[in-house]
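> I'd like to ask some things about the structure below.
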Amino acid sequence: QELKGEVRFERVSFFHSDHPVLHNVSFHAQPGQTIGLLGETGAGKTSLLHLIPRLYEKHSGEIYLDDNPIEVFDTKSLRKQISLVPQDVHLFSGSVRSNIAWGKENAKMSEVVEAAKQAQIHSFIKTLPDGYDTVLGQKGVTFSGGQKQRLSIARALVRKPKILILDDSTSALDAYTEMKLLNSLKTQQCTVFIVAQKISSLKEANQILLLHQGKLIAQGSHEELLNESPYYREVFQS
Ligand code: DUT
Ligand code: MG
């Protein structure tokens, strides 16, 4: 089934083994929206996001994608349309091009370049000795943390996902590059979930979900949370 990108959680709870990780989480993301996730380490951000492509099976409550219970989607077709950039980037020692096209080996060169431009890594790739054919790890070519993150975002974008999940994938970017990246994502027809450690990364999000020990303690726009949540103001505004 083709996804439109709507995601709805209704009183979702989730355990890892016997350890409670999410408790009664409800939110509603419309197609094309940007949803920020904020919360201290261990708050449950990654766990929540991993439920969307069905990387975990057992939860209570309901998750709907475009009004259909998530259980009706087969995981293969879901994962084709949902790109998740994991917290730990995995690059391999192939060419830049094959690293971006990983998982979509039939991607055209023009699509690879387009994804790299959207991910704000194209101009850096052009400075490499062999451009897109440069092999990572050879001829002393190494990528910085932020360059690796952008390469893995390009890898996610080349699949033209309906839902894009950035799990702390912009932490190594400077504020200016991050802003350009988020602006370019807004022009895509996809729903974006972005985990960040700083409020500044999430100011433009349609909604911010503030997690604390597995509970959604506040949700709303940046302005709403500034007004309504002392925790938001105190802990994350810096
Ligand atoms: N947890 C497990 N097993 C797992 C993954 C996580 O028990 O395989 C626990 C650790 C933590 C809770 O689930 O108590 C939430 O972890 P999660 O990784 O979802 O938290 P986070 O908000 O993504 O933390 P971080 O900011 O460190 O990435
Ligand atoms: Mg995490």
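> Mind telling me which of 220, 94, 140 comes out most flexible in a GNM of the chain, alpha-carbon contacts under 10 Å?
Maximum fluctuation in the GNM of the chain, among the listed residues, is at 140.
> Whole Å is fine, so just give me how far the alpha carbon centre of segment 119-192 lies from that of segment 195-212.
Computed from Cα coordinates, the inter-centre distance equals 20 Å.
> Then there's this: Averaging sequence separations of C-alpha pairs under 8 Å and six or more residues apart, then dividing by the length of the chain, give the relative contact order as a whole percent.
28
> Taking the Cα centre of each part, how many Å lie between segment 81-103 and segment 1-65?
Going from one Cα centre to the other spans 23 Å.
> If you don't mind, there's one more thing I want to ask. Could you tell me how many degrees, from 0 to 90 and to the nearest 10, lie between the Cα long axis of helix 109-118 and the main elongation axis, the longest principal axis, of the Cα atoms of the chain?
Helix 109-118 sits at roughly 50 degrees to that axis.
> Using a Gaussian network model of the chain whose springs link C-alpha atoms within less than 10 Å, name the residue from 227, 24, 206 with the highest mean-square fluctuation.
Judging by the Gaussian network model, the answer is 227.
> Another question about this same structure. Identify which of 25, 141, 192 has the largest mean-square fluctuation in a Gaussian network model of the chain, with springs joining Cα atoms closer than 10 Å.
Result: 141 has the largest fluctuation of those listed.
> Kindly give Rg over Rh for the chain, based on alpha-carbon atoms, with the Kirkwood expression for the hydrodynamic radius.
0.98
> Then there is this: Please list the non-local residues whose amide H lies under 5 Å from the amide H of residue 34, H modeled 1.01 Å from N, same-chain partners needing a gap of 5 or more.
For residue 34, the qualifying residues are 192, 206, 207.
> Enter the mean projected area of the convex hull around the alpha-carbon atoms of segment 99-238, in nm², rounded to one decimal.
If you wrap the Cα atoms of segment 99-238 in a convex hull and average its projections, you get 9.6 nm².
> Further, regarding this structure: Pop the C-beta distance of residue 18 and residue 109 into the FRET formula with R0 = 41 Å and round what comes out to the nearest 0.05.
FRET efficiency, residue 18 to residue 109: 0.25.
> In angstroms, what radius of gyration and Dmax does segment 36-93 have, counting Cα atoms only?
13.1, 42
> More than 13 Å apart: what percent of Cα pairs in segment 154-195 qualify?
Roughly 54 percent, once rounded to a whole number.
> Also, quick follow-up: Give me the Kirkwood hydrodynamic radius of segment 1-59, using the inverse of the mean 1/r over all pairs of distinct Cα atoms, in Å to one decimal.
Result for segment 1-59, one decimal place: 12.5 Å.
> What percent do you get for the relative contact order of segment 120-214 when only Cα pairs under 8 Å and 6+ apart count?
RCO, segment 120-214: 25 percent.
> Calculate the radius of gyration of the Cα atoms of segment 14-129 to one decimal place, then report Dmax, the largest Cα-Cα distance, as a whole number, both in Å.
17.5, 52
Here, each number is a calculation from the coordinates, and none is a lab measurement. Everything quoted here is computed from the prediction, not taken from an experiment. Cβ: placed from backbone, ideal geometry, glycine included. Neighbour counts: every protein chain shown.
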